[in-house]
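Below you'll find the structure, written out as structure tokens, and then a few comments.
The values are calculated or read from the model by the stated rules, or taken from the named source; none is laboratory data. In this text, all values refer to a predicted model and were calculated from it rather than measured experimentally. Glycine also receives a Cβ, built like all others from the backbone with ideal geometry; neighbour counts cover every protein chain displayed. With ligands, DNA and RNA removed, areas are computed over all heavy atoms of the protein, side chains included. Shrake-Rupley method; radii C 1.70, N 1.55, O 1.52, S 1.80 Å.
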Amino acid sequence: MTYEGPKSPGHSPRMSIDIAGIKLKNPVMAASGTFGYGEEFVRIVDLNRLGGIITKGISIKPMEGNSPPRIVETASGMINSIGLQNVGLQAFIRDKVPFLRQFKTPVIASIFGGTAGEFRELAKRLDDVPGIAGLEVNISCPNVAKGGVLFGADPKMAHLVVRTVKRSAHRPIIVKLSPNVTDITLIAKAVEEAGADGISLINTLMAMAVDPQSRRPLLDNIIGGLSGPAIKPVALRLVWEAVNAVQIPVIGIGGIMTPEDALEFIIAGACAVQVGTANFVNPNACVEIIDGIEAYLVKNGFQHINELVGSLRIP
Amino acid sequence: MNSYETIKDRSMNSSPSVAKEGGGPYLVCGTLLENPMVVSSYHKMRIRTPIPYEDIHPGQFVMVRISEEPFPLLRRPFSIHSLRELRTKEGSDIEILYKIVGKGTNLMASWKRGKRLDILGPLGKGFSLSINKGVQVLIAGGIGAAGLFALGQKMKALGLQCSVFIGGKTKEHILCVDEFRGLGADVHMATEDGSLGFRGMVSDMVRSFLHGLPDPSGLFACGPVGMLKSIAEIAKSQSIPCQVSLESRMACGLGACLGCVIRTKGERPVKSQGETRHEKGASYKRVCKEGPVFNSEEIDWRKI
Ligand SMILES: Cc1cc2nc3c(=O)[nH]c(=O)nc-3n(C[C@H](O)[C@H](O)[C@H](O)COP(=O)(O)OP(=O)(O)OC[C@H]3O[C@@H](n4cnc5c(N)ncnc54)[C@H](O)[C@@H]3O)c2cc1C
Ligand SMILES: Cc1cc2nc3c(=O)[nH]c(=O)nc-3n(C[C@H](O)[C@H](O)[C@H](O)COP(=O)(O)O)c2cc1C
Ligand code: FES
């Protein structure tokens, strides 16, 4: 693209949005687990340019994660079985948030737990931490009390978790949905009813890869989550279905590598997007996507990004 | 190709709190100067980059973007084999010595002089050098030689005496002999089939060499895990400090994805009855960030 980008990068009024009560200077955020705690990218990416940063999922206690190998590349994607390794709530508040607070970019803390009570505790303890604009509630994690069924796979469990968090958090909550369900609209409606201020989707798709030579699985955990360009068409379909099922804002995630990918989600009805795996391939992906979206708006005569949201032309 | 900002522009992005840590990593556009085959299935590429010479340390690596297309998707990690400062002081030429093993390295081998390359680096923690009078012992297995030559260059610059051991399956897999000799190092070779030098494992040759050596001051090893394990054992039994350079599958190279971890003997959180306690014991470390060079004592070799 030949467009040079805005004069004051990242602060074009054309791009600013309000999502679930959080003000973003543009609709492009870094997805949870793919941008660490921001510090890993600071030498390469101007964090002030991002619409938002979703931090690596946090649990109450530090988690060790799965044993390696944890990642494998597949056709136009990768499968990971990190196992939600994270520094834990205390270290997150003490060591990670103060760093992120320096930037003019909203930080959304991703949280997950094994029980509704753990979710509540996380929401409570993060509620008065300065520098956190909102929570992203990751319900693609196993419910310990229910034999490891994913919270996000059952409308009732999803509802319970979201209602619990909502009662303890004064800041906006976005609920991140798992695509590994039969009907995404049931879950989307359930979390909306429970008080979610927005939803984001998709998390990774359960997947697997085998080495035919050794006949061994390529991940020590055998199965993991697929991300990257390979999942984009599936993600787009799920976002489209969710957009049609709920009134609250929807954030599109899945395989976004380019401005055009992001535009597809926005046209399908997502108010904003998150960029994940692309950050590994091109650490500056978010910024390039922001510039590309803005160039598209200018070129096509849109005054504001909102005009584009849900503008899908159906014959 | 993306038009990346120059590194001068990028350095403005860094916040004061991280600026003191020293330079890099940088996301830069390099130019391929040459990419010849050195021996069958091994190539060496020389890349002109704007990366400041003083920011690169032996043992560090770069992540090379293979394709602008979605497949192959991820960058590939390669050790910085050698480096040279540009006369203009505006960057450095780095070399990558690589073995063709799959899709990415096959594509790389087809790249021609003048190609613009998308390079992320320098990454990770390199070798640490104690300036000490004894003999430094460098041990390479196969393509592991790629990760040790820059260290040899540095040792030469510091006036350290080094002995180099290079092992491989056959003589076709013995790399960099002339390069190391060019540094003035004495070079020993071992092949499993006896086609060149000592017949057997390079670790066996190192063991007997160390027996006759009055003051070895450190071992530095890069190669297959089996070899590294043997070297770590030798180092332990003879109480010689030993650093090893490890590999692992990587996605980001920046410490963000937690995909590249290996087991170490650090502190670790242990779960019991829903509670997590911190016990002294194993923990995971990121090869791309805390490594790729580790003290051999740190590694939990049973888990590798
Ligand atoms: C820190 C580090 C430094 C390295 N330095 C060098 C070097 O100097 N020279 C060199 O030739 N190789 C080096 N490697 C290994 C090199 O990264 C892999 O050989 C390369 O990524 C393979 O890519 P491919 O697309 O050709 O192979 P693929 O088709 O992706 O895979 C072929 C084989 O390579 C293995 N592999 C794939 N990706 C990696 C990876 N990221 N790390 C390790 N193994 C992998 C796969 O498990 C598989 O067995 C290094 C790896 C690391 C982690
Ligand atoms: C290595 C890795 C780690 C991830 N960790 C988390 C996590 O901790 N919490 C979460 O909600 N999603 C996590 N995700 C999912 C991403 O945020 C995103 O939903 C998914 O990767 C799809 O987007 P993408 O195709 O752009 O990567 C992770 C993804 C990857 C690849
Ligand atoms: S490769 Fe991502 S953390 Fe090491």
Taking B:Phe209 as meeting all but one of (1) open to solvent by less than 20 Å² (accessible area, probe 1.4 Å); (2) in contact with a His (Cβ under 9 Å, 6 or more places away or on another chain), write down the number of the exception.
-> (1)
Could you please give the count of residues in segment A:28-73 that are open to solvent by 30 Å² or more (accessible area, probe 1.4 Å) and within 16 Å of ligand 1 (Cβ to nearest atom)?
-> 3
Filter pass, B:Lys115 being more than 30 Å from B:Gly212 (Cβ to Cβ), modelled with pLDDT of 95 or more and either buried (at least 16 other Cβ atoms within 10 Å of the Cβ) or more than 9 Å from ligand 1 (Cβ to nearest atom) (or both) | yes
Determine whether B:Leu32 is closer than 18 Å to A:Asn282 by Cα, at pLDDT 95 or above and open to solvent by less than 30 Å² (accessible area, probe 1.4 Å).
-> no
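Could you check segment B:149-165 and list, in sequence order, the residues that are within 18 Å of B:His43 (Cβ to Cβ) and either among the aliphatic types (A, V, I, L, M) or modelled with pLDDT under 95 (or both)?
So in segment B:149-165, the residues within 18 Å of B:His43 (Cβ to Cβ) come out as B:149-150.
If the condition is that a residue be within 18 Å of B:His43 (Cβ to Cβ) and either among the aliphatic types (A, V, I, L, M) or modelled with pLDDT under 95 (or both), then B:Ala150 is the only one that fits.
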Within segment A:269-315, how many residues turn out to be away from chain B (no Cβ under 14 Å) and more than 17 Å from the chain's Cα centre (by Cα)?
-> 22
Among the residues of segment A:177-208, which ones are in a strand (DSSP E or B) and buried (at least 20 other Cβ atoms within 10 Å of the Cβ)?
-> A:Gly198, A:Ile199, A:Ser200, A:Leu201, A:Leu205, A:Ala207
Do we have A:Ile60 as facing chain B (nearest Cβ under 7 Å), more than 18 Å from the chain's Cα centre (by Cα) and of a type in the set (A, V, I, L, M) here?
-> no
Which condition number does A:Arg237 fail, the rest of (1) in a helix (DSSP H, G or I); (2) within 15 Å of ligand 2 (Cβ to nearest atom); (3) open to solvent by less than 50 Å² (accessible area, probe 1.4 Å) being met?
-> (3)
Per the list (1) under 26 Å from A:Pro142 (Cα atoms); (2) part of a helix (DSSP H, G or I), residue check on A:Ile289 breaks on (1)
Within segment A:84-114, count every residue that is of a type in the set (Gly, Ala, Ser), more than 9 Å from chain B (Cβ to nearest Cβ) and surrounded by fewer than 18 Cβ atoms within 10 Å (Cβ to Cβ).
-> 1
Among the residues listed as B:Pro216, B:Pro241, the single one being at pLDDT below 95, under 30 Å from B:Pro25 (Cα atoms) and away from ligand 1 (no atom under 16 Å from the Cβ) | B:Pro241
In segment A:123-133, is there at least one residue being open to solvent by 20 Å² or more (accessible area, probe 1.4 Å), out of contact with any strand residue (DSSP E or B) (no Cβ under 6 Å at 6 or more places or on another chain) and within 24 Å of A:Ser227 (Cβ to Cβ)?
-> no
Residues that are over 19 Å from the mean Cα position of the chain (by Cα), within 16 Å of ligand 2 (Cβ to nearest atom) and not in a loop (DSSP other than H, G, I, E, B), drawn from segment A:90-142 | A:Ala91, A:Glu118
Residue under evaluation B:Arg84, criteria (1) within 12 Å of ligand 1 (Cβ to nearest atom); (2) under 20 Å from the mean Cα position of the chain (by Cα), criterion not met | (1)
Quick one: what pairs do we get from segment A:287-315, first residue at pLDDT 95 or above, second acidic (Asp, Glu) and in a loop (DSSP other than H, G, I, E, B), C-beta under 9 Å, 6+ apart or different chains?
-> A:Val287/A:Asp46; A:Asp291/A:Glu4; A:Ala295/A:Glu4
Flagged in segment A:244-265 as of a type in the set (A, V, I, L, M), surrounded by 24 or more Cβ atoms within 10 Å (Cβ to Cβ) and touching a residue at least 40 places away in the same chain (Cβ under 8 Å), in numbering order, are A:Val250, A:Ile251, A:Ile253, A:Ala262
Has segment A:208-218 got at least one residue that is more than 14 Å from chain B (Cβ to nearest Cβ) and either in contact with a Gly (Cβ under 9 Å, 6 or more places away or on another chain) or more than 16 Å from ligand 1 (Cβ to nearest atom) (or both)?
-> yes
Can you spot a residue in segment A:68-75 that is within 14 Å of ligand 2 (Cβ to nearest atom) and more than 14 Å from chain B (Cβ to nearest Cβ)?
-> no
Selection from segment A:46-84 of residues assigned to a loop (DSSP other than H, G, I, E, B), farther than 21 Å from A:Ile19 by Cβ and aliphatic (A, V, I, L, M) yields A:Ile60, A:Ala75, A:Ile82, A:Leu84
Name the single residue, out of those in segment A:136-156 being in contact (Cβ under 8 Å) with a residue 40 or more places away in the chain and not β-branched (Val, Ile, Thr), that is farthest from ligand 1 (Cβ to nearest atom).
-> A:Gly152
Restricting attention to segment B:252-271, the residues that are open to solvent by less than 40 Å² (accessible area, probe 1.4 Å) and either at pLDDT below 95 or of a type in the set (Gly, Ala, Ser) (or both) number exactly 9
